[in-house]
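Beneath this line is the structure, given in structure tokens, with notes to follow.
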Amino acid sequence: MEQSNQDRLLKPSKQVGIVGYGAYIPRYRLPASEVARIWAGGAGGVPIVEKAVPGIDEDVITMSIEAARNALARASIDPSEIRAVWVGSESHPYSVKPSSTVVAEAIGATPHTLAADWEFACKAGTEAIQAAIGFVGSGMARFALAIGMDTAQGRPGDALEYTTGAGGAAIILGPSDESLAHFEGSYSYATDTPDFWRRADEKYPEHGERFTGEPAYFKHVLTAAKELMSLTNTGPEDYAHVIFHQPNVKFPQRAGRMLGFADEQLEAGLLVSVIGNTYAGSPLVGLASVLDIAEPGQRLLLVSYGSGAGSDAFSLSVTDRLVEAREKAPSTQDYIGRRTEVDYATYARYRGKLTLS
Amino acid sequence: MEVSRHWRLKKQRYALQGEVCPHCSVKIFPPRDICPDCGLDARTPFQFSGRGEVYSFTTVRDAPEGHSEQVPYTVALVRLEEGPLVTAQLTDLDQQDVEIGLPVEMVTRKLRSDGERGMLVYGYKFRPLLRPAA
Ligand SMILES: [Zn+2]
């Protein structure tokens, strides 16, 4: 007899939820038309409106600190109770020296805590969430902080340069009965797929053109979403909002339609056209944007995608506590609305694309 | 650059942690273990809110080594809402006129990098309020 698939559903022994969340998006914006002006003579369509660009004094560490402070304000907990500070990113400022220890120190979580950096392309942030569910759900820790944050870089003139943005979010996980939204179950799916990579000493990534769509993004995102819905006996109609990893506008929209979601179910969490692809930050900042407006009782589906490749999928249910907590820190829209447009030259200076010496 | 000095200063520098005098309740920044008001021992840690307003400011166009990539920048004396005056760089300022009395909030940013291979130094700066007070 065939074994039941039910053990594929990831579910901790104790119920876990999100007790605090916070977004961060830097204030500068590079319009895609500006990239087209430099590299394509202004000709051709552009994939998004604009992308968020970090200031010259910002990086994954400073951005994570602000997102974590927002999450702490909403959680209203003592930071010294956090037993894990996990930062998922493709753009940690140091190759060797964790981002997480600086973040932990700055928010007051040190020294009785685990601190680590996570890497898995664009799903490093949801990997940290999966691990934090286990850490809290096993009873080892009362609170754990998972962050997905990136300052993504594309080679000048490469197609990626239109969309590589900056931003992300921090999520504090804790006991379900104190949560703003609780995890009903999750699922992870991974295969060895060569769609996108960056070697250790290279500044910019490479991508295997043919591989980015069907066998990579769609195969993993669709499978993860379908499996999780099947394992939790839910369907597209049970979710008020769905958030996908968003490298551009078309991929998540097409994935949504293929799974039977209406475009409106994606709307609140689809930010790529105004902030760009924030890589490890992408699914988390989409989730933060949805938590800013979701109503108690609503169910949310979150599906990440990381090249290489894998997807994590989560089913969440919003509690009454969300409404009061969300007012305690700036919303994702507060950050999106704080907007200073820059031209390509300023962008090149901010992103270190010019060599001064 | 002295790595050990950065390390010792990190709590006050990353998050504006100072002290409060247990005798007269004066809030102290930077921490100096002696109350500037009553002269008694003051070692109780105190976490400042990070809110304050610009007391005075100046724009730096000729920066010391390690800060040159950020020029021009504005340095201000900020009056914290708990009382102390702090010198710090202002950030996220574009197209915004700085004026005395401008409400600001603390953020943690890169202060400097010791070249391509050295340590990155993080610390407090102030910016105009992201969300003006309700
Ligand atoms: Zn005193």
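The values are calculated or read from the model by the stated rules, or taken from the named source; none is laboratory data. Source: prediction; values computed, not measured. Cβ sites come from the backbone with ideal geometry, for glycine too, and all protein chains shown count toward neighbours. Areas reflect the complete protein model, heavy atoms only, side chains present, ligands, DNA and RNA absent. Shrake-Rupley method; radii C 1.70, N 1.55, O 1.52, S 1.80 Å.
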Spot the failing condition for B:VAL107; the list is (1) crowded, with 16+ Cβ neighbours inside 10 Å; (2) more than 14 Å from chain A (Cβ to nearest Cβ); (3) in a strand (DSSP E or B), and only one is missed. (2)
From A:GLY134, A:GLY139, A:GLY148, grab the single residue that is of a type outside the set (Val, Ile, Thr) and surrounded by 24 or more Cβ atoms within 10 Å (Cβ to Cβ). A:GLY148
Please work out which one of (1) assigned to a helix (DSSP H, G or I); (2) of a type in the set (A, V, I, L, M); (3) touching a Phe, Trp or Tyr at 6+ places or on another chain (Cβ under 7 Å); (4) open to solvent by less than 20 Å² (accessible area, probe 1.4 Å) is the condition A:ALA36 fails and give its number. (3)
Report whether or not A:HIS92 is part of a loop (DSSP other than H, G, I, E, B) and modelled with pLDDT of 95 or more. no
Of the residues that make up the stretch B:36-46, is at least one within 13 Å of chain A (Cβ to nearest Cβ) and within 14 Å of the ligand (Cβ to nearest atom)? yes
With the requirement that a residue be surrounded by fewer than 24 Cβ atoms within 10 Å (Cβ to Cβ) and within 19 Å of the chain's Cα centre (by Cα), what does the stretch A:257-272 give you? A:GLN265, A:LEU266, A:GLU267, A:ALA268, A:LEU270
Elements of type helices (runs of 4 or more DSSP H) in the stretch A:254-346, at least 1 residues being more than 14 Å from chain B (Cβ to nearest Cβ): A:263-267, A:272-275, A:282-291, A:321-325
Output the number of residues of the stretch B:72-83 satisfying the condition of being open to solvent by less than 40 Å² (accessible area, probe 1.4 Å) and within 14 Å of chain A (Cβ to nearest Cβ). 3
Conditions (1) more than 17 Å from the chain's Cα centre (by Cα); (2) closer than 25 Å to A:LEU270 by Cβ; number of the one not met by A:THR191: (2)
For the stretch B:23-35, name all the residues that are more than 8 Å from the ligand (Cβ to nearest atom) and open to solvent by less than 50 Å² (accessible area, probe 1.4 Å). B:ILE28, B:PHE29, B:PRO31
Among the residues that make up the stretch A:42-57, is at least one of them acidic (Asp, Glu), open to solvent by less than 20 Å² (accessible area, probe 1.4 Å) and within 12 Å of chain B (Cβ to nearest Cβ)? yes
Would you say A:GLY134 is in the same structural domain as A:ILE82 (by TED's automatic domain parsing) and outside any strand (DSSP E or B)? yes
A:ALA71 among the hydrophobic types (A, V, I, L, M, F, W, C), more than 13 Å from every other protein chain (Cβ to nearest Cβ), surrounded by 18 or more Cβ atoms within 10 Å (Cβ to Cβ) and touching a residue at least 12 places away in the same chain (Cβ under 8 Å): yes
In the stretch A:241-272, which residues are touching a Lys or Arg at 6+ places or on another chain (Cβ under 9 Å) and touching a residue at least 12 places away in the same chain (Cβ under 8 Å)? A:HIS241, A:HIS245, A:LEU259, A:VAL272
Please state which of the following conditions A:ASP312 fails to meet, knowing it meets all the rest: (1) farther than 27 Å from A:TRP197 by Cα; (2) buried (at least 17 other Cβ atoms within 10 Å of the Cβ). (1)
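Determine, yes or no, whether B:PRO64 is without any contact (Cβ under 8 Å) to a residue 60 or more places away in the chain, away from the ligand (no atom under 16 Å from the Cβ) and either open to solvent by less than 50 Å² (accessible area, probe 1.4 Å) or not β-branched (Val, Ile, Thr) (or both).
On the way: without any contact (Cβ under 8 Å) to a residue 60 or more places away in the chain: yes; away from the ligand (no atom under 16 Å from the Cβ): yes; either open to solvent by less than 50 Å² (accessible area, probe 1.4 Å) or not β-branched (Val, Ile, Thr) (or both): yes.
Yes; evaluated as a whole, the condition is true for this residue.
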